[in-house]
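Notes follow once the structure below has been shown.
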Ligand SMILES: Nc1ncnc2c1ncn2[C@@H]1O[C@H](COP(=O)(O)OP(=O)(O)OP(=O)(O)O)[C@@H](O)[C@H]1O
Ligand SMILES: [Mg+2]
């Protein structure tokens with residue numbers, strides 16, 4: 001961290017420097033406005049303390065110069081006498097606070113502590129924001145994705161229901177989130193329910209809630225997820241898997257906008273927007289009578305078709321860069337270069353698992369990378385052949401999934417140990433395992449005679 005003091009009085013510079021240096025800060029000094037401005041043009045300062053009355057001009061000029069270089073620099077101004085006018089002028093120009101001369105040490109300490117608190121907060125917010133933005137941002141500049149973005153922008157603000165259709169891993173959940181965040185419901189909840197994850201009856205009680213004693217085991221009333229989403233968005237993932245009886249009940253809710261929790265005599269008004277997702281051809285299934293057609297039309301006011309990654313290969317390089325950055329930061333690894341052979345290999349991949357598959361490959365390769373170079377490693381070639389492409393690509397005989405996976409597991413364990421010079425705690429960390437888990441897995445191979 002670096003700070004600048006611009007003041008013509010040596011005594012004052014000395015006191016300010018002493019207080020600043022109570023923290024790990026590099027401090028530079030300037031005696032005149034001109035000297036200050038020269039330094040500002042050469043160097044980026046996190047913080048600055050600037051006297052307003054300088055022999056060759058107004059410190060406000062220095063303040064403006066700093067803000068021009070880095071608008072998040074935190075600047076204090078010093079005024080000789082309490083002239084409110086200059087203080088106001090300084091605050092308008094972006095000063096964080098001001099000190100009036102004469103000042104005592106305690107006063108300076110308090111104000112400077114505030115400055116550093118502010119810098120710390122700014123940093124934290126920036127890091128989190130960058131991580132959140134990158135984690136949730138939908139990457140793509142292909143024509144198909146640009147079209148998708150513009151449709152999302154258009155329809156998000158309205159309450160119309162949206163059905164998102166796309167293969168697994170194409171980003172349906174990300175799109176649902178984007179729709180919620182760009183709607184006027186963003187300050188309320190986005191509640192996600194996976195309709196395939198629970199058997200019908202459980203799903204019903206999760207969605208609609210129940211009152212105490214509604215069924216054996218209902219010891220207390222429970223609010224349903226539909227109600228939890230009140231004034232927000234309800235994301236019904238894999239809606240094609242919803243059992244027929246529940247489809248009827250959902251349709252009734254969509255028509256009446258009221259729910260009655262199981263076993264309850266009362267109806268509750270609920271206002272939700274439905275965003276649903278499916279990876280099956282729901283329209284065709286509805287036409288064939290395999291899904292309620294009336295419900296289909298209710299939920300698909302807009303139908304968004306997400307392109308598969310194969311249909312937008314020109315987005316691959318951008319996605320690779322995006323995920324490399326994301327995982328390098330997450331795992332605190334430095335990746336300086338991507339091996340061209342890696343790019344060739346991903347360009348050739350089938351990506352039946354779409355963006356998720358690409359993301360997983362990069363997560364692994366960021367961990368495995370050596371000397372800052374991201375490569376298409378040997379284990380990658382075998383894992384994408386074995387675990388992620390279509391079954392018809394597999395040899396008919398002599399192929400054991402267990403043997404394959406344990407080979408891969410073992411390679412990872414050994415690699416992690418190698419990277420950490422045999423430190424098991426660090427190796428476990430690297431792989432996202434607890435120490436016990438790591439030791440257990442390692443023992444399996446040791447016992448198997450390796
Ligand atoms: N365009 C994209 N840009 C950046 N990340 C993406 C993109 N599309 C998908 N992802 C990432 O890929 C992963 C899979 O995306 P998501 O969960 O949204 O897919 P899905 O369509 O819901 O898949 P499934 O049908 O299997 O549930 C997520 O980690 C998501 O962040
Ligand atoms: Mg999903």
(request) Hey, could you check region 249-281 for residues that are at pLDDT below 95 and under 27 Å from residue 170 (Cβ atoms) and say which is nearest to ligand 1 (Cβ to nearest atom)? (result) 279
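Determine whether residue 323 is outside the structural domain of residue 176 (by TED's automatic domain parsing) and in contact with a helix residue (DSSP H, G or I) (Cβ under 7 Å, 6 or more places away or on another chain). Before the answer, list the steps.
Values: outside the structural domain of residue 176 (by TED's automatic domain parsing): yes; in contact with a helix residue (DSSP H, G or I) (Cβ under 7 Å, 6 or more places away or on another chain): yes.
It is true that residue 323 is outside the structural domain of residue 176 (by TED's automatic domain parsing) and in contact with a helix residue (DSSP H, G or I) (Cβ under 7 Å, 6 or more places away or on another chain).
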(message) Can you say whether residue 168 is within 22 Å of residue 308 (Cβ to Cβ) and either within 12 Å of ligand 2 (Cβ to nearest atom) or at pLDDT below 95 (or both), as far as the supplied structure shows?
(response) yes
(request) Using the structure shown, decide if residue 333 is under 17 Å from residue 367 (Cβ atoms) and in contact with a helix residue (DSSP H, G or I) (Cβ under 6 Å, 6 or more places away or on another chain). (result) yes
(message) For residue 140, only one of the following conditions fails: (1) modelled with pLDDT under 95; (2) within 15 Å of residue 304 (Cα to Cα); (3) away from ligand 2 (no atom under 16 Å from the Cβ). What is its number?
(response) (2)
(request) Among the candidates 34, 43, single out the residue that is at pLDDT 95 or above and either in contact with a strand residue (DSSP E or B) (Cβ under 9 Å, 6 or more places away or on another chain) or within 18 Å of residue 95 (Cα to Cα) (or both). (result) 34
(message) Restricting to region 284-324, give me the number of residues that are closer than 19 Å to residue 245 by Cα and either in contact (Cβ under 8 Å) with a residue 40 or more places away in the chain or surrounded by 20 or more Cβ atoms within 10 Å (Cβ to Cβ) (or both).
(response) 8
(request) Return the pairs, sorted by first residue and then second, in which the second residue is not in a strand (DSSP E or B), the first residue lies in region 62-89 and is at pLDDT below 85, the beta carbons are less than 7 Å apart, and the residues are 6+ apart or on different chains. (result) 79/52; 79/86; 79/87; 79/101; 80/101; 86/52
(message) Just to be sure I understand the filter: pairs with C-beta atoms under 6 Å, separated by 6 or more residues or on different chains, first member in region 224-243 and touching a residue at least 60 places away in the same chain (Cβ under 8 Å), second member not in a strand (DSSP E or B). Which pairs pass?
(response) 235/176; 236/195; 239/195
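The values are calculated or read from the model by the stated rules, or taken from the named source; none is laboratory data. Just so you know, these numbers come straight off a predicted model, no measurement behind them. Here Cβ is always computed from backbone atoms with ideal geometry, including for glycine, and neighbour counts include all displayed protein chains.
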